[in-house]
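The values are calculated or read from the model by the stated rules, or taken from the named source; none is laboratory data. Here the structure is a predicted model, which is why all the values come from computation and not from measurement. Because the Cβ atoms are built from the backbone with ideal geometry, glycine has one as well, and the counts that use them run over all protein chains shown.
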Amino acid sequence: MDIEDAVGHIGIKGELNIYTAAALRQLLLDALNAGSQVEIDLSEVNEMDSAGLQLLVAARREAARQGKPLRFSGGSRAVLDLLDLCALSTILDEPSSV
């Protein structure tokens, strides 16, 4: 997993799975705590499992709890396939609201 982190923007490259979720969880929490809004770019995720999906849903809930916008962008084929399988494909289209 490779992560690009800029102010308010996190780009995830590689795997978003059970092996990388713990490290990414803390990064997402830090980004939410530090900024007024966060965008997570999923365009370069080449593998995603249910742990990765759980992390995205938890990030969405935490952003809503904090009243901060969170946006997912650029879903790769791996991301889109899993979201479709779980009937959650709209998660990319729906920014969390404040």
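Is there any pair with a first residue in the stretch 7-26 that is among the basic types (Lys, Arg) and a second that is at pLDDT 90 or above and surrounded by fewer than 19 Cβ atoms within 10 Å (Cβ to Cβ) whose Cβ atoms are under 7 Å apart and which are 6 or more apart or on different chains, and what are they?
From the stretch 7-26, the pairs are Lys13/Glu44.
Yes or no: the stretch 47-59 includes at least one residue that is acidic (Asp, Glu) and under 18 Å from His9 (Cα atoms). Step through it out loud before you land on a result.
We begin by selecting, within the stretch 47-59, every residue acidic (Asp, Glu); these are 47, 49.
The next check asks that each one be under 18 Å from His9 (Cα atoms); those that pass are none.
Within the stretch 47-59 (the criterion being acidic (Asp, Glu) and under 18 Å from His9 (Cα atoms)), the answer is no, since none of the residues qualifies.
Which of the residues belonging to the stretch 34-65 are surrounded by fewer than 16 Cβ atoms within 10 Å (Cβ to Cβ) and closer than 18 Å to Leu88 by Cβ?
Ser43, Ser50, Gln54, Val57, Ala58, Arg61, Ala64
Does any residue of the stretch 20-33 turn out to be among the hydroxyl-bearing types (Ser, Thr, Tyr) and surrounded by fewer than 14 Cβ atoms within 10 Å (Cβ to Cβ)?
There is no residue in the stretch 20-33 that is among the hydroxyl-bearing types (Ser, Thr, Tyr) and surrounded by fewer than 14 Cβ atoms within 10 Å (Cβ to Cβ).
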